[in-house]
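One structure is given below, encoded as structure tokens.
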Amino acid sequence: MSVKKGKGISFRHQIENQDRLSVIISVQQDEKTIRKLIKQVERLVPKEILIIIDGSQDLSVDLILNSSSYARTCYIYSFPLGEELWRSIGAKEATGDVWLFLDGDTVISAEELMSFVGACYRGIDIALRKESPLTQAGTISLAKAFMNSLIDQEQLGVSSMSDLPLAMTQKAALRIGLDHLVTPPLAHVIAIEKGLRVEAVHQTKEEGLAKQRISNSHNWIKESTCLGDHLEAVAYWSDVNKTDSEMENR
């Protein structure tokens, strides 16, 4: 694949991306945004683009398959997979040593996406999106803040592996366990427990958020699932610390 120099992505980064970067995108009813997002992703000149399409009933599939000739791999499921299963599916197929996870409903410029990827190139294991408590008010925000406080990561505030964009190294993902990526709060806690370097690196300017598919009932289910995931993460952390304490007392 020949490298085409983009406006804001340095030639050095394009070369590095071509050798190292896997972009993994979740798509569900994203016909209004997916072409714009893919255009930005292609400007990164990644090694591969992996797209997991689950349960889309709109034109997302057609738009993805016909939008350009850039190499990509699509995994198409005719039914919804669940909130975060796509992360594990993409991770198990990715061949790069840095992975960038994206949601097809949100368009973010290549330059901003490079902030996450570049952080991993510089030695960060997991690069999170910076979040302000003012932009994430509510129960989920409180759960994220509580969890970060519990694991002595107050500097992360409400930033979490639950939020996208998210970049991480393959090495970090393997240490966490690819199956654990299905539960982002648990993956987040395991990363800290394993001593991985987790940092909030960039607050994005997003375009799109065009999904209109989420009803109030779906929102409630999604929030309940997220809270359950945080409880699972807290339970894991408590068990780890209990075991460590028991070992010290022997």
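Only the coordinates and a few stated rules stand behind these numbers; no lab work does. Because the structure is a prediction, the values reported are computed rather than measured. Cβ placement follows ideal geometry from the backbone for every residue including glycine, while neighbour counts extend to all protein chains displayed.
Remarks
- Options Leu196, Leu156, Gln14, ranked by Cα towards positive dipole end of the chain, top entry (Cβ charges): Gln14
- Across the chain, Cα pairs under 8 Å and at least six residues apart give a relative contact order of 21 percent.
- Mean silhouette area of the chain, derived from the convex hull of its C-alpha atoms and averaged over all directions, reads 13.6 nm².
- Between Thr139, Thr33, Thr169, the Gaussian network model of the chain with springs among Cα atoms under 10 angstrom shows the greatest mean-square fluctuation at Thr139.
- Relative to the longest principal axis of the Cα atoms of the chain, helix 216-249 runs at roughly 50 degrees.
- With respect to the chain, whose longest principal axis is taken over its alpha-carbon atoms, helix 184-193 is tilted by about 60°.
- Anisotropy class of segment 64-141 from Cα gyration tensor, a/c 1.5 cut: oblate
- Helix 139-150 axis versus longest C-alpha principal axis of the chain: approximately 60°, rounded to the nearest ten.
- Candidates Leu231, Leu37, Leu156: whichever shows maximal mean-square fluctuation once the chain is modelled as a Gaussian network with Cα springs under 10 Å: Leu231
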